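Working notes, structure below.
The values are calculated or read from the model by the stated rules, or taken from the named source; none is laboratory data. What you see is a predicted model, and the numbers here were worked out from it, not measured in a lab. Neighbour counts run over all protein chains shown; Cβ positions are idealised from the backbone, glycine included.
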Amino acid sequence: MVRQLNLDGDRQADLTVHGGPYKAVYAYPSEHYPFWRQELPDIDLPFGKFGENFTTEGLLEDAVNIGDRYRVGSAILQVRQPRTPCYKLAVKFQRDDILQRFLKSGRSGFYFSVDQEGEVGAGDEVELFSRADQSLTVAEVNHLYGNPNAEAEMLSRAAELAALPDGWRKYFQTKLEERNSAQPARASI
């Protein structure tokens, strides 16, 4: 059963950075596993290794918009944000470099919020329920995150993207303000 804050039986260790309404369900594309198996040949990488609730097929970051809604089983889920890894991933992988590698790869997966609670099961289709037009893809949000040369127009769009949690929007607004204050003054002619 998918509930507002997580799946039944799923417990997050540190609720200050895990779980909650904007991180209720974590999805990670199965298509990323071959990349990681090549990058990390000495590590066993069964599905679920990245801590995902759903290992998906066909839902890549460059094709999924923030705000898209999907039906899975009888639940309706909304894409809210990419995953940014915490120290627990380094502990799980027993590698100090995994956090940086994970971020650099752009293979973040994404978090869903729960619009409608429902039952889900292995093998359920993940069906697009409604598309968030005029949005940004998960890949575009990943590109903006931590990019010192992020485009002002994209930062502005991200800062106003209602489907992103407040913390993300504030982060992008701050980056936009910092970028604009760093621009040299120009004279009008």
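Okay, here's what the table says:
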item: Which numbered condition Glu31 fails, given (1) surrounded by fewer than 21 Cβ atoms within 10 Å (Cβ to Cβ); (2) over 25 Å from Ser105 (Cα atoms); result: (2)
item: Odd one out for Arg71, checked against (1) crowded, with 17+ Cβ neighbours inside 10 Å; (2) at pLDDT below 95; result: (2)
item: Top-ranked residue of region 107-147 - restricted to ones that are among the aliphatic types (A, V, I, L, M) and more than 20 Å from Gly58 (Cα to Cα), ranked as surrounded by the fewest Cβ atoms within 10 Å (Cβ to Cβ); result: Val114
item: Count of region 148-181 residues which are loosely packed, with under 12 Cβ neighbours inside 10 Å, of a type in the set (Gly, Ala, Ser) and closer than 21 Å to Phe110 by Cα; result: 2
item: Ala63 buried (at least 19 other Cβ atoms within 10 Å of the Cβ) and touching a residue at least 40 places away in the same chain (Cβ under 8 Å); result: no
item: Filter pass, Asn180 being assigned to a loop (DSSP other than H, G, I, E, B), at pLDDT below 95 and over 18 Å from the mean Cα position of the chain (by Cα); result: no
item: Residue match in region 108-128 (condition: touching a His at 6+ places or on another chain (Cβ under 6 Å) and touching a residue at least 12 places away in the same chain (Cβ under 8 Å)); result: no
